[in-house]
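Visitor: This structure is in structure tokens; I'll ask about it shortly.
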Amino acid sequence: MDEESSDTERNEAGDQKPAADSSRSGRPVYDLGRRRFVMDEARLLQIARSLTEPILRSSGLRQMLQQRKMMEAALGSFRYMDRIAPSTLKALELSTTASIARTFTGSSLLAVERIARVADFNLSTKKWLEDIAKPRYLDQLFDTSKFITSISESLISAHRLYEPVVQALEKTMLGWRDMTRLAVPRDISAERLFAAGLATRDATLAVEVILEPDEEVEVPAGWTDGPTQVREQLRARLAAIDPKVLTKWDGAWERLWAPGPDAASQAAGSVVELIDWTLRRAAPDKVVLRWHSDGKRPVHELDDKGRPTRGLRIKYLMASRNPRLVKAASHLSEGTIALLAEMQGGKHGLEFDDLEAVKFTLYAVEGALGLIFL
């Protein structure tokens with residue numbers, strides 16, 4: 001054996017450089033003489049923040065970094081890193097670049113693209129999916145994930161930008177990432193995972209309609225053309241809660257098919273009414289408030305009149321079904337609701353009357369309800 005340690009490599013100049021080993025957690029371990037440290041996302045992000053936070057305090061710099069040309073350039077660099085990162089470091093590279101994107105640009109289309117790519121990679125590593133999903137489901141699920149990533153990347157070149165819409169999409173994408181992080185099959189059903197994917201896909205399509213109104217949107221098979229039994233199962237669950245929920249659901253679609261003055265805003269209002277009606281019937285005030293009090297939960301989960309917020313009702317519903325899905329369901333639901341809010345009344349300078357965007361958002365809402373109730 002050479003005198004040098006087998007853990008030490010040499011670079012082209014002949015200098016020694018530390019080689020990566022593996023810790024028990026599977027994360028790379030680097031040997032720097034007497035010191036060994038585990039390299040993970042948190043450590044890399046800490047280093048990045050220590051270097052960049054003084055710069056980001058500069059007035060207007062974050063706004064400059066959010067400009068389309070700057071984000072396109074950053075994406076080019078990230079995509080190069082995606083290609084050269086070894087397979088053993090792929091998860092670390094993707095999650096780290098996602099964190100760096102959020103650190104530099106906040107809620108931005110660049111951050112959305114990175115989060116989407118993290119979710120797609122997570123999904124590709126779940127070998128146990130074959131045990132819980134039929135081949136037909138799996139094909140659609142992987143196609144849906146690839147489609148989400150593709151649209152997210154194309155949005156970076158969008159010529160319009162509405163920050164609240166981007167923030168809503170980022171929250172939805174975080175919910176999709178949370179779903180793909182689940183480690184074992186007992187945490188999730190194929191139906192819920194599929195519903196979450198469709199919710200994210202259709203929210204992404206809605207944002208594409210808003211940010212690129214002059215572009216023709218590529219529309220894949222919609223929720224109604226997907227696994228019919230999943231949609232019918234959701235309708236049956238909601239009917240068991242209150243048959244009027246289905247009336248609200250069908251009424252929202254009727255608004256979309258009978259356009260008139262302010263049709264997009266009115267249709268969006270109908271979808272919000274559908275969400276609120278469903279959550280109030282499934283999670284009544286008295287029951288949720290008792291659960292909130294018994295659990296000594298924070299007061300900010302109540303509105304200014306002391307009533308449960310939508311988010312609290314969702315947390316209550318998910319806690320009784322699958323506590324590990326609370327975060328994902330909250331992100332997905334809050335993101336789709338925020339999108340609808342932007343479509344009501346032209347808030348924050350958003351001026352459009354496109355029923356197509358509302359239609360995609362209604363599909364997304366159906367997916368989010370599927371995640372909660374299936």
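The values are calculated or read from the model by the stated rules, or taken from the named source; none is laboratory data. These numbers come from a predicted model, not from an experiment. As a convention, Cβ positions derive from the backbone with ideal geometry for all residues, glycine included, and neighbour counts pool all protein chains shown.
Visitor: For region 113-132, give me each residue that is within 17 Å of GLU93 (Cβ to Cβ) and either touching a residue at least 24 places away in the same chain (Cβ under 8 Å) or of a type in the set (Lys, Arg) (or both). Explain how you work it out, then say what you get.
Guide: We begin by selecting, within region 113-132, every residue within 17 Å of GLU93 (Cβ to Cβ); these are 113-125.
Hits for region 113-132 are GLU113, ARG114, ILE115, ALA116, ARG117, VAL118, ALA119, ASP120, PHE121, ASN122, LEU123, THR125.
Visitor: Considering only region 265-315, how many residues are more than 27 Å from ALA239 (Cα to Cα), touching a Ser or Thr at 6+ places or on another chain (Cβ under 7 Å) and assigned to a helix (DSSP H, G or I)?
Guide: 1
Visitor: Can you list residue pairs whose Cβ atoms sit under 7 Å apart, with the first residue in region 306-335 being in contact (Cβ under 8 Å) with a residue 40 or more places away in the chain and among the charged types (D, E, K, R) and the second being surrounded by 15 or more Cβ atoms within 10 Å (Cβ to Cβ) and assigned to a helix (DSSP H, G or I)? Count only pairs 6 or more apart in sequence or on different chains.
Guide: Within 7 Å, the pairs are ARG324/ASP187; LYS327/ASP178; GLU334/LYS171; GLU334/GLY311.
Visitor: Please indicate, with yes or no, whether at least one residue in region 307-320 is at pLDDT 90 or above and over 25 Å from the mean Cα position of the chain (by Cα).
Guide: yes
Visitor: OK, next. Which count do you get for residues in region 115-138 that are within 27 Å of ALA85 (Cβ to Cβ) and either touching a strand residue (DSSP E or B) at 6+ places or on another chain (Cβ under 9 Å) or not basic (Lys, Arg) (or both)? Break it down stepwise before answering.
Guide: From region 115-138, those within 27 Å of ALA85 (Cβ to Cβ) are 115-130, 138; that's our starting set.
Adding the requirement that they be either touching a strand residue (DSSP E or B) at 6+ places or on another chain (Cβ under 9 Å) or not basic (Lys, Arg) (or both) leaves 115-116, 118-125, 128-130, 138.
Going through region 115-138 one residue at a time, the tally reaches 14.
Visitor: While we're on this one: Taking interchain pairs and intrachain pairs at least six residues apart, which have beta carbon atoms under 8 angstrom, with the first residue in region 63-84 and more than 15 Å from GLU163 (Cβ to Cβ) and at pLDDT below 85 and the second surrounded by 18 or more Cβ atoms within 10 Å (Cβ to Cβ) and among the aromatic types (Phe, Trp, Tyr)?
Guide: ALA74/PHE104
Visitor: While we're on this one: Do you know which of the residues in region 133-143 that are surrounded by 14 or more Cβ atoms within 10 Å (Cβ to Cβ) and touching a residue at least 60 places away in the same chain (Cβ under 8 Å) is nearest to ALA91 (Cα to Cα)? I'd like the intermediate steps shown before the answer.
Guide: Residues of region 133-143 that are surrounded by 14 or more Cβ atoms within 10 Å (Cβ to Cβ), as a first pass: 133, 137-138, 140-143.
Next, only the ones that are touching a residue at least 60 places away in the same chain (Cβ under 8 Å) stay: 133, 137, 140, 143.
Details: ALA133: 24, TYR137: 24, GLN140: 23, ASP143: 20 Å.
Filtering first and then ranking leaves ASP143.
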